Every structure is written in C-alpha cells, then in structure tokens.
Amino acid sequence: MGPSGSPTVREGSATVAGREPKRSEPLLTRGLPLGLKATKQMPTQIRAVVITVSDACSRGEREDASGAALAQLLLDIGAKIVEAKIVSDDLEPLSELLRASADRDDVNLVVTTGGTGFSPRDNTPEATLAVIERAAPGLAEAMRIETLKQTPMAMISRGVCGIRNGTLIINLPGSPKAVRESFAVIAPVLNHAIALLAGSPGGDLH
Amino acid sequence: MGPSGSPTVREGSATVAGREPKRSEPLLTRGLPLGLKATKQMPTQIRAVVITVSDACSRGEREDASGAALAQLLLDIGAKIVEAKIVSDDLEPLSELLRASADRDDVNLVVTTGGTGFSPRDNTPEATLAVIERAAPGLAEAMRIETLKQTPMAMISRGVCGIRNGTLIINLPGSPKAVRESFAVIAPVLNHAIALLAGSPGGDLH
Amino acid sequence: MGPSGSPTVREGSATVAGREPKRSEPLLTRGLPLGLKATKQMPTQIRAVVITVSDACSRGEREDASGAALAQLLLDIGAKIVEAKIVSDDLEPLSELLRASADRDDVNLVVTTGGTGFSPRDNTPEATLAVIERAAPGLAEAMRIETLKQTPMAMISRGVCGIRNGTLIINLPGSPKAVRESFAVIAPVLNHAIALLAGSPGGDLH
C-alpha cells in the first residue's frame, strides 16, 4: 500500500488529514502596516514534498541524483523540504502518495521527478491527473516550450501541473539536467503562485 | 441562481434555447457571385457576450476596467456586443451563465475576463470546462506563450478555450493590461475562427 | 460501421486483437554487445497507419493530397506504411478505426490528417481523446507553437496526441502544407518516442 521510499531529507511529523480543509495558511504578514504589499515583500514560505519516481532508484539500483538536485533547487529559492521520498513507478501507490502529500496541513508544494516519458511504466502524469482538482497547464507548457530550445526531446515529457487542496503539484522529467532546466523556467513564479494558493489577492491580475 | 450582474452594454432579447440546435448562422454572403471567397472578404459578424468574473466588481467595490477594455477590443475588430455582465467567482452560477450565453441564437462568442489564476476563488476554467463540447487548446496555449515574453506571470493563467453549440468560449486573465496583451494574440484569427464555427469550409486547411 | 476508405498503400494482413496486450515488440538489438546504445543506433522500426479524415476525400470529390504527403514523409524517416485509409468526418467510425488501428500487433504509430479545425464536422480530436490511454501534450503543443511562427492559423488546430496500447496516435491538420510543417516539428523525436513505447529505457531522461 504505502510507497516504499527511503527518505533522504525529512522534517515535521504531520498526520494526513484526508480531504478535510487545511488550516488557514500562516502568511508572514502579521503586524505589517496596512497597505503594505505583503505578498511581494514577504512571500508565503514554500513547504515542499519531493518525490522521486523511479523503479531503479526505489530498488536501490541507481542513485537518486534527480531528487537530490531538485531538493537543492528548492532550498536555493528559500523553500523548506518537508519530506523527500523515492517510490516505484506503480500507478496506484504514487497516486495515493500524491493525494496524501497534497492534503498535509504543513505542505503547499509537491514536486515529482521521473515517470513522465513514453515508456510503459511512465505513470506520473496519470497519477497526478487522478488527484488534482484544478489544472495549471501554463506551468507544464512553459517548461516544455522553454526547454525545447535546448533539446527536441522536451516534447516527449508528458508532465502535468495542477492544484489540490491548496497545494500545487508539479511533474518534472527524470534526469538531473532536465530537472534543472525545467525548474529554472518556473522558479520565477513559484513563490508568487504558492502565495496565491494561500489566498493572497491578485491571482489573475498579472 | 442567476448571476448577479449589472450589464453595462445590452442588446437584443433572445430567449435561451437550451440544447436545441441553433438556427443556421446568417452568413453575409447572399447574392455573392459563385466562387468568391466569401469568408475571407465578408467574415461572419462576431456577436459576443462579455463576462467579467470578479467578486470585487460584482459587489461594486472595484470598477470593471477589464470588462470595459475587453468590450472595446471586440468593437475594434468589428464585433457586436450582445451583452456584458459582471458576476461573482461562484462556480455554479458562472457555469450556468456560460452555458446559457453559448446556447443563445444571437451569440457566437463568449469572452470572460478574470478568475483564471491560482486563488481559491479562481473558478473560471472549471466553469468553462464543465460546458464546452470541444476544446480549442491552441488559443489558450498561444495566449500564454506569447504573453510569457512580457511577464513570467503568464504561466499562472489557467484559462481554457473551447466550443459549445457553435459558440467559441474564451477565458482571458483579469487585468486590463493582460486582457489587451492576450486579446492581441488571438485577434488575427478570431473572425476566421467564428466563420468556421458557422460552417464555412477550410477549417483545418491552414 | 466500418470506415469507408480506399487504401492507397497497403501491407500486411493483421487481425485486430481487441484490447489484448501486444506481443513484445521486436527490438532490433539482439546480439548487440552489452552497453551499446541500441535505441540510438538501431531504432525500433516505425510501422504506421495513415488516416485521412475528410468528407470530400472519402466521397472522392477531392484528391487526398494530404494523406499522400504524410505517407511520403513517413517513408522518408524510414517508417513502414502498414495501411492508409480515407474516412469521412463521422465521429464514431473514426474513433473505432483509431482504436482498432492502435490495437494492431503490427502497428506502433497512427497518424491522422484532417478534422482538427473549428468546423461543426471537425471531430478528429474528440475521436482521439475517446481512445487514448495516456496523453502526450508536448507533441501537440510543439507542433502548434512552432508552426505559429509561419501562420497565426496554427492556433486553430485542435489536434491531440496520445498513447494507446503501445501505439502513438498523432493528429495533424488537413492541408499538405500544414502536414509538412507540423511533421517537421516532431520528426526529430519520432523514432526515439516509438522506441520508448516498446520499452526501451531512458524515457524521461532527456
């Protein structure tokens, strides 16, 4: 049932709250003078779960270089890594892990690496589509179109992005290089996107 | 039930015909010599409903600058504004308004502004997905990719485009600036697209 | 029931195997020295079905220039044309033909031309969505975005790409020019994509 993962980074101990609504997000804005644009100057803290989807890594046959690269990239933009997991490409357990991670009170971002290609075992987009409530196609499109400038193989990524219960779920490809290139595309909007999920105003006023 | 909107422009008095097929569209081609490429030279008249989706505007707390900008852009390309409405972000009434507007005999285009972002109340894409019969992803992709050249925040727009009952439905973002930038992307194909919906030949022969 | 098509190219005589899993794909890698990157140097043979979707062509009122152009483009990249068909725009028979073609043991690629636009009879994307098991949005996005550089009408193409039973299904627009321009975008990844479907490693490690 539970995904077999060897967490490489771990913090916190939240219980998963099913589909109950999350507690209101603690914006770092209390005590600010009225009228100050809080979300721009003090963004919501990103609290991320990193999930490496790879049969080989989950069996210990390959080192999880992509998950490590992804965690570092998140730390670099000021995110907190709540948990990191390595799981196989099995569809159902992955879907369940995405659901449980997104529903945690202490998580507002779930990023996967791997399982987005054309191989028979590449199930990450389907596992994600099964749990998101609202699609965020612009992030997936932008990652593909921008990385297409570096390799035509970007076309083959089937990754999806979407929102569940106030948490953004993002699929990245499976190599450290592709993780870095794709993450660089969305990094400029990630803090703002997460702040909007928490209810900050100005969502579609770009 | 009915969306609470204060129409700023209003024309016509069509009753909504549910899912009955529309009357054949009156192409402005009668009496043309045989063989003249009517759709290129005398395009189908665009008859549009403009919908501003905004809690603040619907309560009168903010002026509807986006809806006004959008109506003007449509007039500029020769469209007729059949009706303009301002509604809250509530999902169900919005979905019902989109359905009723698309099913009107005197309407072939419905354009929304607002409600496409990441905030918990941003429901416009979901309301649109609930009523379209055929997706038109190319329009939404093009608007995001082209406006991405001006701001990375374009990635955050979740707008969708699609077809219902011979009417094109288009979601635009919620600021006047984003409305202008996004509309400029699709304006060159809008008259042709509407003509195709009415049955003009050459749909996929671009 | 069966689509009325006049095959212009025909090879093989496979019976359609319903939803039974395909026999394992015969990769051209046997006997290769261990470590040789087989998929790059000896790609899986593409075995394609070409489907022209056009009321006019299916009635013999127009020559099928698009299907002929598409078959030639496939031959040019080393593909084998298993079958070519011309069918009307009717949704159900097209959907059934896509399903049956994708499920053939001797087919790993199905490419359609036509039926992707805004006209009331343009049903190809809907017929495709009805049968694919996994979407491949990156191919459709890339074709639209790249051909957008040549004509804004690329936005109007509603084509989708996806995977069913180890077979890639690709929708192309309906004119020979659009077929050539769109095909040129995906040609560089097509052999690799088909190899991945057959189980070659490295699917999302671009």
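The values are calculated or read from the model by the stated rules, or taken from the named source; none is laboratory data. No experiment lies behind these values; they were computed from the predicted model shown. A quick note on method: Cβ atoms are made from the backbone with ideal geometry, for glycine too, and the neighbour counts reach across all protein chains shown. For the accessible areas, the whole protein counts, side chains as well, though only heavy atoms, and no ligand, DNA or RNA atoms are used. Shrake-Rupley method; radii C 1.70, N 1.55, O 1.52, S 1.80 Å.
Proximity of backbone amide H atoms, modeled 1.01 Å from N, is registered between A:K80 and A:I46, A:R47, A:A48 at under 5 Å, excluding neighbours fewer than 5 places apart on the same chain.
For the chain pair B and A, the buried solvent-accessible surface (1.4 Å probe, both sides summed) amounts to about 2200 Å². Taking amide H as placed 1.01 Å from N in the peptide plane, the amide H of C:D89 sits under 5 Å from that of C:S54, C:D55, each at least 5 places away or on another chain. In this structure the amide hydrogen of A:R62, modeled in the peptide plane, comes within under 5 Å of the amide hydrogens of A:C57, none closer than 5 places in sequence on its chain.
Spacing of the modelled spin labels on A:A130 and A:Q72, each 7 Å from Cα toward Cβ, amounts to 3.3 nm.
Karplus-derived 3J(HN,Hα) values for segment A:45-59, using 6.51 cos²θ - 1.76 cosθ + 1.60 with θ = phi - 60°, are 5, 7, 10, 10, 9, 9, 10, 8, 10, 6, 4, 5, 5, 5, 8 Hz; glycine and proline are entered as x.
Taken over segment B:47-197, the ratio of Cα radius of gyration to 2.2 N^0.38 Å equals 0.93. The other copies place their C:A187 label points at 3.6, 3.6 nm from this one, listed shortest first, where each point is 7 Å from Cα along Cα→Cβ.
For trypsin sites (Lys or Arg not before Pro), the sites in segment B:124-185 that DSSP calls loop and that have at most 14 other Cβ atoms within 10 Å are B:K149. Across segment B:62-79, coupling constants 3J(HN,Hα) worked out from phi with the 6.51/-1.76/1.60 Karplus curve, θ = phi - 60°, read 9, 6, 8, 5, 5, x, 5, 4, 5, 4, 5, 4, 5, 4, 5, 9, x, 6 Hz, and Gly and Pro carry x. Across segment A:83-97, coupling constants 3J(HN,Hα) worked out from phi with the 6.51/-1.76/1.60 Karplus curve, θ = phi - 60°, read 6, 10, 10, 10, 10, 6, 7, 4, 5, 5, x, 5, 4, 5, 5 Hz, and Gly and Pro carry x.
The loop-placed GluC sites (Glu not before Pro) in segment A:85-180, going by DSSP, that have at most 15 neighbouring Cβ atoms within 10 Å of their Cβ come out as A:E133. Across peptide C:127-138, the average count of Cβ atoms from other chains found within 10 Å of a residue's Cβ is 4.
Going down the table (A:K177/B:K149; A:K149/A:K177; C:K149/C:K177; B:K85/B:K177; B:K149/C:K149), which pairs top 22 Å between alpha carbons? Check vs 22 Å cut-off fails for A:K177/B:K149.
The Cα atoms of segment C:58-137 give a gyration tensor whose axes a ≥ b ≥ c have a/c of 1.5 or more with a/b no greater than b/c, which makes the shape oblate.
Ligands, DNA and RNA left out, the 1.4 Å accessible surface of segment A:47-197 is 53% carbon and sulfur atoms.
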